[in-house]
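Each remark here refers to the structure printed beneath this line.
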Amino acid sequence: MQLLEGLTEAQLEAVTTLEGPLLVLAGPGSGKTMVVTRRVAHLVAEGTDPARILALTFTNKAAAQMRERVSALVGDTVTAGMQVSTFHAFCARQLRIWSDAAGVSPNYSIWDTTDQRDAAKQAVADAGMSTSNWPPASVLSTISAAKNRLVDAATFEQEATDFNDRMVAKVYNRYEAILRRNDALDFDDLLRLVARMLLDNPSVSASFQQRWQYILVDEYQDTNHAQFIIASSLAQSHRNICVVGDPDQSIYRWRGADIRNILDFEEHYPEARVVPLGRNFRSTGHIVSAAAGLISCNTSHRHKDLHTQLDDGAPITIRTCLDEHEEAEAIVNHFRAAAAQGRPWKEMAVLYRINSLSRVLEDAFRRADIPHVVARGTAFYERREIKDALAYLRLLLNPNDDIALRRIINVPTRGIGKTTLDRVAAHATATGCRLGEAIRQPSGVPELTDRARKALSRFTEMVDGWREAMTSSLLGLDLADVVSMVLRDSGLEAAMVNTDDGEDRVENLSELVSAAADRPIEPDEEGNLPDLDRQLAHWLESIALVSDSDAIDPESGAVTLMTLHAAKGLEFDVVAVAALEQGVLPHSRSAMDPESLEEERRLCYVGMTRARLDLLMTRAMMRTHRGLRDRTMSSPFLDEIPAAHAQVVMPVEPWQNTASSTPRGPTLFKVGDQVEHPRFGLGRIQRVMARPRGTTATIDFDEYGPRTLLVAQAGLERVGAEYDDTGA
């Protein structure tokens, strides 16, 4: 059969094992995506109704890729009824279908991270607490962790045993009240409510199990408790569940991922078949062996015979640099050499543990005129004008969305200022109604001026006019028409013209209309086309659920700079992993926690296995932190890489000043030396760098402060120890 051609023995077993629980341990570059898509296609080819197949992934990009590949194998018409989506998108749709059982409005809004932060800030204030002592982001993190464990606000309050938890419980209760008042859900609610519904409502659970007879979960090592409950509940009766993942690539513990879900799979399903995919089709021999040696140091490691049939290639390079500037220059030079050998810039990436490390790297690439892009997430949908437009559309769908209402009620300016809004909000609180309802009855709000009442009425009439246009069969609007109408009638588009970067902002809004026009209209599970409300809801869901990795453009002709976490699932010909130092990678937070240290090692492993042909790993002996230069310690991970697969390069020091006036020969300078300059006087060397035009030294002079000088022309004299020909 064509679907089974070209598969290894292990891949063939994973593809053709269709009944019962299956755990596929897929190592890096092992053809996981091919195995997953061919397994789904094989199910269809063997007569399984595509509508009975549910495949769950973690990014929109992965879901789209899987859907496209399966369609290419068995045809679009065959897979039309098959559901392939992210966990969040799947849950979002089911909550609208089963809204009564879940206890939510079918027109609920999904609040993004900014909305959640605003609501948490309000909740902290409502609880009589200070945001300086209780930062909304920190409180939200605790609430998110609770929701991932399916712990609601009431239960969290009951279980609170210390002062911190009791204070968070107050905020949690008020945060939930704000969500309910606005008919809104946050990302964690999407998972929590579906998981609870499946646990607490046997009839719903039975319906789900009957609807989907074959469950496939990709990247299973990244599932949290709520996702584990959802997947387990879906497969409870038929037990046809296939999970694919790699415990060695579990790197999201900080956002709720539980590695035990994949490690304990056989405990939950004793009859499960386990298929390890250890052959790496991506990386050369030295890279595979170096990474395998590192990850074998983890106690949580599930053995897979990691190997490749590709050539050994060059050993990985482990380079120690004097400081972060020399490190950046070393990476630039390494990439330049790769480019000279024909490697395109887009096939190169620099990976690092924390975002703040990118600044020096960006400067170095900019100075070298090397095209580069910093991958930091969904920039388009984070732009102010886009978020304003989306707030209008959310309000159009859900008039109870107070966060959206507050954002745009006076954008652009229409005479509804803070004082007016505060008076309406106070009236809404006093009368027990919602803000949107109070705005619709401005005559009942005391202390409002006639001008303010008229402005509120005009705003309401505008939104009502949009609603009427959406439901009018005579107009026959589509989604793009609605977006265009809102941008025009709200005045948002016109207001952008006279702003800074007005042309770009208008272009962005135009692109939003294009995005709406490109949105495919997908039939529901009954084969019916959704109305305009549902189309808008699904589109807003897709925007709200876009992930960081979805924003990376693999076709860009530029070097990619990104965090190790963001690099998951990607691959490049040439990779540099920077700042392998104790406190950075591994991160300082892991110092006293063995589980965290193992996750840091997995993170390093993920970074190493992004490389196909060429891997550079660097560290700096000195690194500047908050303006101060600190000595660093090498990452212990470097010592765990088998020496047979690595080439170690140390810095060339000390540096020579061939123009020194001393008759005894060249003076040797190194970081920490005290020197004297003919003009600036005494100072101490902070940094020495070898550059194309000659070695430079940054010296902190007692009287003049830091100065960077060309050593060969500076006339520096070393002060202190006698000169030693050996450089000791």
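Just to be sure I understand, how many residues within region 250-276 are closer than 21 Å to T33 by Cβ and either open to solvent by less than 20 Å² (accessible area, probe 1.4 Å) or among the hydroxyl-bearing types (S, T, Y) (or both)? Total satisfying the criteria: 8. Whether any residue in region 11-34 is part of a loop (DSSP other than H, G, I, E, B), surrounded by fewer than 16 Cβ atoms within 10 Å (Cβ to Cβ) and modelled with pLDDT under 90 is what I want to check. Within region 11-34, none of the residues are part of a loop (DSSP other than H, G, I, E, B), surrounded by fewer than 16 Cβ atoms within 10 Å (Cβ to Cβ) and modelled with pLDDT under 90. Across region 424-437, the qualifying residues are those that are in contact with a helix residue (DSSP H, G or I) (Cβ under 8 Å, 6 or more places away or on another chain) and open to solvent by 70 Å² or more (accessible area, probe 1.4 Å), and the one among them that is nearest to R384 (Cα to Cα) is E437. Scanning region 253-299 for residues that are basic (K, R), touching a strand residue (DSSP E or B) at 6+ places or on another chain (Cβ under 6 Å) and more than 17 Å from L310 (Cβ to Cβ) turns up just one, R273.
Only one of the numbered conditions (1) touching a residue at least 60 places away in the same chain (Cβ under 8 Å); (2) in a helix (DSSP H, G or I); (3) under 24 Å from Y269 (Cβ atoms) is not met by T37, and that is (1).
Looking at region 624-728, the strands (runs of 3 or more DSSP E) lying wholly inside it that each contain 3 or more residues that are modelled with pLDDT under 75 sit at 655-657, 681-691, 694-701, 705-710.
Quick one: would you say S358 is buried (at least 19 other Cβ atoms within 10 Å of the Cβ), in contact with a His (Cβ under 8 Å, 6 or more places away or on another chain) and not in a strand (DSSP E or B)? Answer is no for this residue. Residues that are more than 21 Å from C604 (Cβ to Cβ), of a type outside the set (D, E, K, R) and either within 22 Å of the chain's Cα centre (by Cα) or surrounded by 22 or more Cβ atoms within 10 Å (Cβ to Cβ) (or both) within region 218-230 comprise Y220, T223, N224, H225, A226, Q227, F228, I230, listed in sequence order.
The criterion of at least 1 residues that are of a type in the set (K, R) is met by the following helices (runs of 4 or more DSSP H) wholly inside region 386-462: 402-408, 418-431.
Remark: pairs (first residue in region 150-161, in contact (Cβ under 8 Å) with a residue 60 or more places away in the chain and closer than 15 Å to D189 by Cβ; second residue open to solvent by less than 60 Å² (accessible area, probe 1.4 Å) and among the basic types (K, R); Cβ separation under 9 Å; 6+ apart in sequence or on different chains) = L150/R192.
Can you go through R601, R589 and tell me which one is without any contact (Cβ under 8 Å) to a residue 24 or more places away in the chain, open to solvent by 10 Å² or more (accessible area, probe 1.4 Å), within 21 Å of S634 (Cβ to Cβ) and assigned to a helix (DSSP H, G or I)? Walk me through how you get there before you give the answer.
On the way: R601 fails: without any contact (Cβ under 8 Å) to a residue 24 or more places away in the chain.
After ruling out the rest, the residue left standing is R589.
For region 60-88, the candidate set comprises residues that are assigned to a strand (DSSP E or B) and polar (S, T, N, Q); within that set, the residue that is nearest to T223 (Cα to Cα) is T86. Out of T59, T48, T86, T77, one residue alone is touching a strand residue (DSSP E or B) at 6+ places or on another chain (Cβ under 6 Å) and among the hydroxyl-bearing types (S, T, Y). It is T86. Checking each residue in region 291-339 for being closer than 17 Å to C604 by Cβ and charged (D, E, K, R) picks out R319, E327. Quick check on region 174-190. Is at least one of its residues over 30 Å from A438 (Cα atoms), without any contact (Cβ under 8 Å) to a residue 60 or more places away in the chain and buried (at least 17 other Cβ atoms within 10 Å of the Cβ)? No: zero hits.
Kindly indicate the residue of region 128-163 that is over 26 Å from the mean Cα position of the chain (by Cα) and over 28 Å from I229 (Cα atoms) and also least open to solvent (accessible area, probe 1.4 Å) among those meeting that condition. Steps first, please.
Step one: of region 128-163, the residues over 26 Å from the mean Cα position of the chain (by Cα) are 128-130, 132-133, 153-163.
Next, from what is left, pick out any that are over 28 Å from I229 (Cα atoms): 128-130, 132-133, 162-163.
Working: G128: 70, M129: 31, S130: 46, S132: 93, N133: 114, D162: 70, F163: 124 Å².
Restricting to residues being over 26 Å from the mean Cα position of the chain (by Cα) and over 28 Å from I229 (Cα atoms), the top hit is M129.
Within region 441-451, restricting attention to residues that are within 24 Å of A495 (Cβ to Cβ) and at pLDDT below 90, the residue that is surrounded by the fewest Cβ atoms within 10 Å (Cβ to Cβ) is T449. Restricting attention to region 312-350 and to residues that are part of a helix (DSSP H, G or I) and among the small types (G, A, S), the residue that is nearest to the chain's Cα centre (by Cα) turns out to be A328.
The values are calculated or read from the model by the stated rules, or taken from the named source; none is laboratory data. These numbers come from a predicted model, not from an experiment. Backbone-built Cβ (ideal geometry, glycine too); neighbour counts: all protein chains shown. For accessibility, only protein heavy atoms count, side chains too; no ligands or nucleic acids. Shrake-Rupley method; radii C 1.70, N 1.55, O 1.52, S 1.80 Å.
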